[in-house]
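Chemist: Got a structure here, written out as structure tokens. Questions coming.
The values are calculated or read from the model by the stated rules, or taken from the named source; none is laboratory data. All values reported here derive from a predicted model rather than from experimental measurement. Because the Cβ atoms are built from the backbone with ideal geometry, glycine has one as well, and the counts that use them run over all protein chains shown. The protein model used for the area step is the full one, side chains on, heavy atoms only, and it has no ligands, DNA or RNA in it. Shrake-Rupley method; radii C 1.70, N 1.55, O 1.52, S 1.80 Å.
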Amino acid sequence: MIHDTGAHHPLRLLAAAVVGRPVSISYLLDPAAAAWTDGDRIYLPGALPAGECARALLVQCALLAGGAMRVVGLRTLVGSIELRQRFLVLEVERCCGLIESRLPRSFLDALSIYATGASSESAEMSLQIAGQRKRLPAPPTWFGTVKPWRIMRQNLQGSQRKLNEQKLSQLESRISAIEDDAPDDDEDALKRNPFWKLFSSPLGKDGLFSRFMQEIFDMQSSPDKASADSGAEGSSEMVSGRAGRQMRDIANALRSSMQLTIPSALMAAEGGAHRYPEWDCEKQAYRTDWTCVEEVTAGAETPVFDVATLASGVDRPLQRTLARLCLGFRRHSGQRQGEDLVLDPLVRLAVDLRSGHSGDERIYSSSLRTRRDLGVLILLDTSSSTLESTGSDRVFDRQAQAAWRLCRSFDLLGDRVAMYGFHSWGRTLVRFQHLKTFDEPLGAAVPARMGKLSVAGYTRCGAAIRHASNLLNTHAGTPYKLMLLVSDGFPYDDQYEGQHASEDTRKALEEAAADGVACLCLSIGSDADRARLLQAYGNTHFLAVGDVTELASRLRGAVEKAVAAASRIRRVSESGRRVA
């Protein structure tokens with residue numbers, strides 16, 4: 001039994017990213033079922049744990065992307081489970097190698113255990129190697145299976161001449177009769193069975209399906225008794241019991257699918273991921289544990305950004321602008337004036353004066369605003385929309401330049417800085433790409449990671465802001481906390497747009513401010529509608545500049561407003577909790 005998930009499957013964005021085109025996904029409700037694909041749709045077992053379900057999906061996506069389902073000669077796999085498994089192991093290795101850059105490192109590590117050592121260059125070569133005596137590893141359950149009859153039927157129906165419902169019903173009824181007839185080795189019964197007449201009527205002797213079936217069974221015409229007894233040249237070959245078993249495979253391939261609901265078991269969180277709620281503007285309530293955020297290492301095989309373009313020098317104007325932000329009091333001795341006297345300098349001054357010298361009059365200590373009390377997390381938008389060009393360069397190039405300058409300036413001033421890139425593929429897959437943590441020094445590794453950023457997907461800002469706020473509260477260790485979201489525009493993701501996306505983003509900003517985290521969205525070189533950006537982020541949490549050089553003159557005022565707003569919201573929140 002199968003259910004169809006339609007266009008809003010929770011994993012369809014991931015499948016589309018791996019395959020390179022939209023892919024339909026269905027669940028198999030049979031607990032003993034294995035994952036498989038017919039070349040068009042992916043079928044996943046509903047009873048698999050979340051981790052194995054994701055791996056099974058990636059395997060089937062790789063088979064689709066690598067063209068494993070378009071191999072000629074799949075009929076040789078019918079009736080031999082061992083041959084199917086050997087072919088599957090070879091094709092999974094070949095296809096995953098072709099799209100290695102699109103697959104997670106953890107998946108590739110799990111796949112390496114089942115390396116075959118064979119260098120298959122095509123699906124046809126894999127089929128040839130599978131038929132040899134070469135020793136191959138047995139596939140794990142999450143590799144799924146291959147169903148050649150389903151694939152051939154899909155390839156047949158994928159042509160311009162599809163079977164109509166009436167002919168398909170007739171064919172299935174005939175096959176059902178075979179299942180109830182004599183044993184497999186009763187050749188006479190097979191020869192007399194009216195099923196073979198279908199190859200010439202009603203589908204038509206020269207029809208596409210007729211020619212296809214005749215080619216599969218090496219037949220020139222339907223085997224009637226006269227031709228079989230005559231032994232005349234040109235008569236069809238005898239149909240063996242193996243053909244009967246193949247007919248039952250066809251019967252299974254022709255069963256229709258049922259439309260059912262999505263099982264909740266497959267909505268489980270991935271291991272090691274962080275779960276956050278999301279605000280439902282229609283119900284005016286939170287959806288508990290609705291989004292899933294996973295921290296990964298930036299590791300794109302094909303760089304989309306040239307790190308050589310990053311500024312190597314110090315941006316002095318920007319550094320001077322940021323130098324006065326969020327300073328705390330620190331006690332300084334050796335001052336000419338202050339609140340308290342320091343004993344040692346005072347004694348030295350008295351001795352110098354008694355001996356006829358002028359002495360050093362810096363005998364006071366004073367509390368001055370010189371201590372860096374700011375923790376900063378820079379969140380770089382790495383969604384696919386940032387790859388759009390604006391003039392001579394792309395939006396992402398400008399954003400990466402701004403993020404690097406900000407990170408370098410804050411680090412040189414002595415602030416605690418972290419930097420991450422983020423994008424999303426639906427609510428269950430929001431990815432944080434690690435560039436720099438709070439405890440990590442700013443070295444050559446950071447720009448190297450920026451060159452390996454994966455730029456793809458969408459922008460689910462609410463989940464990203466909540467996770468960034470959590471990182472600031474748990475790891476920054478400073479009285480003042482600032483989140484800088486460097487993005488090209490408004491929040492958007494699968495089933496996350498319009499009013500729902502805007503209100504969830506604003507709610508996430510309010511939650512961060514209540515925890516003492518000031519948030520500011522920087523839009524650099526983007527042509528996004530300013531009114532929509534203001535609707536999502538608000539005037540206090542949003543700053544749009546045309547170029548990186550404008551940050552030096554405009555950033556300080558915007559940050560001060562965001563910090564003041566966060567302090568005000570936090571005081572209101574704390575007073576409300578005390579009253580309660």
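Chemist: Condition check: open to solvent by 10 Å² or more (accessible area, probe 1.4 Å), over 15 Å from THR291 (Cβ atoms) and at pLDDT below 90. Does ASP488 satisfy that?
Modeler: Working: open to solvent by 10 Å² or more (accessible area, probe 1.4 Å): yes; over 15 Å from THR291 (Cβ atoms): yes; at pLDDT below 90: yes.
So ASP488 fits the description; yes.
Chemist: Could you tell me whether any residue of the stretch 482-496 is in a helix (DSSP H, G or I) and among the aliphatic types (A, V, I, L, M)? Write out each step before concluding.
Modeler: As a first pass, look at the stretch 482-496 and keep what is in a helix (DSSP H, G or I): none.
Checked against the condition, which is being in a helix (DSSP H, G or I) and among the aliphatic types (A, V, I, L, M), the stretch 482-496 yields no hits at all.
Chemist: Next question. Please verify whether the stretch 105-120 includes one or more residues that are open to solvent by 30 Å² or more (accessible area, probe 1.4 Å), farther than 27 Å from PRO31 by Cα and in contact with a strand residue (DSSP E or B) (Cβ under 8 Å, 6 or more places away or on another chain).
Modeler: Yes: one or more hits.
Chemist: For the stretch 281-307, which positions are within 30 Å of ARG398 (Cα to Cα) and touching an Asp or Glu at 6+ places or on another chain (Cβ under 6 Å)?
Modeler: THR291
Chemist: Criterion first (surrounded by fewer than 13 Cβ atoms within 10 Å (Cβ to Cβ) and in the same structural domain as ALA65 (by TED's automatic domain parsing)) does SER101 satisfy it?
Modeler: So SER101 passes the test.
Chemist: If only one of ASP289, ASP280, ASP340 is of a type outside the set (Gly, Ala, Ser), at pLDDT 80 or above and open to solvent by less than 50 Å² (accessible area, probe 1.4 Å), which one is it?
Modeler: On the way: ASP289 fails: open to solvent by less than 50 Å² (accessible area, probe 1.4 Å); ASP340 fails: open to solvent by less than 50 Å² (accessible area, probe 1.4 Å).
That would be ASP280, the only listed residue that is of a type outside the set (Gly, Ala, Ser), at pLDDT 80 or above and open to solvent by less than 50 Å² (accessible area, probe 1.4 Å).
Chemist: Related question: What is the residue count in the stretch 273-305 for residues that are of a type outside the set (D, E, K, R) and assigned to a loop (DSSP other than H, G, I, E, B)?
Modeler: The total comes to 10.
Chemist: From the set of residues in the stretch 66-83 that are small (Gly, Ala, Ser) and buried (at least 20 other Cβ atoms within 10 Å of the Cβ), which is farthest from GLU294 (Cα to Cα)?
Modeler: ALA68
Chemist: Residues that are touching a Leu at 6+ places or on another chain (Cβ under 7 Å) and open to solvent by less than 10 Å² (accessible area, probe 1.4 Å), at least 1 per element: which strands (runs of 3 or more DSSP E) completely within the stretch 356-465 meet that? So that I can check it myself, show each step before the final result.
Modeler: Values: elements: 364-372, 374-381, 416-424, 430-436.
Hits in the stretch 356-465: 374-381, 416-424, 430-436.
Chemist: Any residue at all in the stretch 84-93 that's of a type in the set (Lys, Arg), within 22 Å of the chain's Cα centre (by Cα) and surrounded by 15 or more Cβ atoms within 10 Å (Cβ to Cβ)?
Modeler: There is no residue in the stretch 84-93 that is of a type in the set (Lys, Arg), within 22 Å of the chain's Cα centre (by Cα) and surrounded by 15 or more Cβ atoms within 10 Å (Cβ to Cβ).
Chemist: Shifting gears a bit: Is it the case, given these coordinates, that VAL517 is under 23 Å from the mean Cα position of the chain (by Cα) and touching a residue at least 12 places away in the same chain (Cβ under 8 Å)?
Modeler: Considered against the rule, which asks whether it is under 23 Å from the mean Cα position of the chain (by Cα) and touching a residue at least 12 places away in the same chain (Cβ under 8 Å), VAL517 comes out as no.
Chemist: Only residues that are open to solvent by 40 Å² or more (accessible area, probe 1.4 Å), under 21 Å from CYS96 (Cα atoms) and assigned to a loop (DSSP other than H, G, I, E, B): list them for the stretch 16-50, please.
Modeler: GLY20, ARG21, PRO22, ASP40
Chemist: Residue check: is ARG41 modelled with pLDDT of 80 or more, over 24 Å from THR302 (Cα atoms) and among the basic types (Lys, Arg)?
Modeler: yes
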